[in-house]
Amino acid sequence: MTTEKSRPGFDLKMTAEEINSLPIAAYEGMVHVVATQEALEKAVHDLRRETVLGFDTETKPNFVRGENNPLSLIQLAGSRAVYILQLRHLQSCAPLLNLFSDKRIIKTGVDIPQDIVKLQERIGGEYKNCVDVSLIAKQAGLKNFSLRGLAAILLGVRITKGMRVSNWARDTLLPAQIKYAATDAWISRELYLRLQQPEAEKI
């Protein structure tokens, strides 16, 4: 059985240097970039078969004072694939709203309340059974609460954040952006599943 002593960082805050020493992880599975209504319908049909979805969003950075760019992407990770939704290309998000209001499906990520505020500003709707991984981590006694920090502590990996301030409103996403966006949603799901394991209760 894994012990706390063999899992450094669970009872202490991991430093940036410790995190940077870990191997890099990135999502290597199937990724679907959704840019049409037909693709959105297919995505929601697939995702509604899941019980847990990793969830994240991306917004074009605000480089001008007073600027407030709208939400650009929604990422949802299931057990079979990650879907990246480009909102600028979608005429209606009604199918997606049905997914978010479905309380049978857990939608999980880090800093979920902030994501929900952005979503309500952009597409409205109700958001049920959304679980913030960082709150579960705090209750378990962890000291790192960011997505990067939790990935390091719980999964022993490092996720890169180099594309965080890139232009998420691009008409066509760069391969590096797709990889980054998919990884964040996937890691969110993996963290939730890890925290549900019995030994995680002993952290």
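The values are calculated or read from the model by the stated rules, or taken from the named source; none is laboratory data. As the structure is a prediction and not an experimental result, all values here were calculated from the model. FYI the Cβ positions are ideal-geometry reconstructions off the backbone, even for glycines, and counts take in every protein chain you see.
Observations, loosely collected:
- Single residue of the stretch 1-29 satisfying the filter (at pLDDT below 55 and outside any loop (DSSP other than H, G, I, E, B)) that is surrounded by the most Cβ atoms within 10 Å (Cβ to Cβ): GLU4
- Restricting ASP132, ASP115, ASP111 to those that are within 15 Å of the chain's Cα centre (by Cα), touching a residue at least 60 places away in the same chain (Cβ under 8 Å) and closer than 27 Å to ILE19 by Cβ reduces the list to ASP115.
- Residues being more than 16 Å from ILE74 (Cβ to Cβ) and either among the charged types (D, E, K, R) or not in a helix (DSSP H, G or I) (or both) are represented in the stretch 173-186 by at least one member.
- Residue list for the stretch 118-129, restricted to those being touching a residue at least 12 places away in the same chain (Cβ under 8 Å) and assigned to a helix (DSSP H, G or I): LYS118, LEU119, GLU121, ARG122
- LYS179, sole failed condition from (1) out of contact with any Gly (no Cβ under 8 Å at 6 or more places or on another chain); (2) surrounded by fewer than 16 Cβ atoms within 10 Å (Cβ to Cβ); (3) charged (D, E, K, R); (4) touching a residue at least 24 places away in the same chain (Cβ under 8 Å): (2)
- Answer from LEU142, LEU155, LEU173 - the residue that is of a type in the set (A, V, I, L, M, F, W, C), more than 27 Å from THR36 (Cβ to Cβ) and modelled with pLDDT of 90 or more: LEU155
- Residue in the stretch 30-85 that is surrounded by the most Cβ atoms within 10 Å (Cβ to Cβ), counting only those that are small (Gly, Ala, Ser) and out of contact with any Lys or Arg (no Cβ under 9 Å at 6 or more places or on another chain): ALA43
- Matching residues in the stretch 149-170 - criterion: being buried (at least 20 other Cβ atoms within 10 Å of the Cβ) and closer than 21 Å to LEU22 by Cα: GLY149, LEU150, ALA151, ALA152, ILE153, LEU154, ILE159
- Residue that is nearest to the chain's Cα centre (by Cα), among those in the stretch 135-161 that are free of Cβ contacts under 8 Å to residues at least 60 places away in the same chain and outside any helix (DSSP H, G or I): SER146
- Qualifying residue in the stretch 39-51 (condition: among the β-branched types (Val, Ile, Thr) and in contact with a helix residue (DSSP H, G or I) (Cβ under 6 Å, 6 or more places away or on another chain)): yes
- Residue tally, condition under 16 Å from TYR192 (Cα atoms) and in contact with a helix residue (DSSP H, G or I) (Cβ under 7 Å, 6 or more places away or on another chain), over the stretch 113-133: 4
- Considered as a group, the residues in the stretch 90-115 that are touching a Phe, Trp or Tyr at 6+ places or on another chain (Cβ under 8 Å) and not in a helix (DSSP H, G or I) include one that is surrounded by the fewest Cβ atoms within 10 Å (Cβ to Cβ), and that residue is SER101.
- Among the residues of the stretch 51-89, the ones that are modelled with pLDDT of 90 or more and either more than 16 Å from the chain's Cα centre (by Cα) or assigned to a loop (DSSP other than H, G, I, E, B) (or both) come to 7 in all.
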